[in-house]
Structures are given as C-alpha cells and as structure tokens.
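Following: one structure in structure tokens, then a few remarks.
What follows is calculated from the coordinates using simple rules that are stated; it is not laboratory data. Small disclaimer: the values here were computed from a predicted structure and weren't measured. Every residue, glycine among them, receives a Cβ derived from its backbone with ideal geometry; neighbour counts consider all protein chains shown.
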Amino acid sequence: MSDDADKPSIWDACMGDNTNTGMMRILAFVGAFVVAGGLIVGLLF
C-alpha cells in the first residue's frame with residue numbers, strides 16, 4: 001500500500017511487518033473478547 005506514511009505509528013506497531021498477521025491478532029483478540037463476554041452473560045442470565 002502506498003499510503004503507509006499517512007497511517008499513525010500505532011498502526012505499524014500493531015500490524016508489524018506482516019499485515020495479515022496483525023489482522024489475525026486483532027481478530028483473535030476481538031473474538032476472544034466476544035466469546036468471554038458471551039460466556040459471562042450466559043452464566044449471569
């Protein structure tokens with residue numbers, strides 16, 4: 001991508017060298033958060 005210079009430095013820190021790996025990390029984190037939230041709600045209600 002030619003617009004990497006426009007992205008903030010935190011984007012590079014999260015993505016690292018491989019964009020696909022960074023996206024998988026974000027998706028895994030969000031997925032784990034959603035699953036954990038679902039389990040908590042399931043236990044409470």
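Along Cα→Cβ, 7 Å out, is where each label goes; now give me the distance between the ones at VAL35 and MET23 in nm to one decimal.
Distance between the two pseudo-spin positions: 2.1 nm.
What ³J(HN,Hα) values, in whole Hz, does the Karplus curve 6.51 cos²θ - 1.76 cosθ + 1.60 give for region 28-38 when θ = phi - 60°, with x put for Gly and Pro?
Here the 3J(HN,Hα) series is 5, 5, 5, x, 5, 5, 5, 5, 4, x, x Hz.
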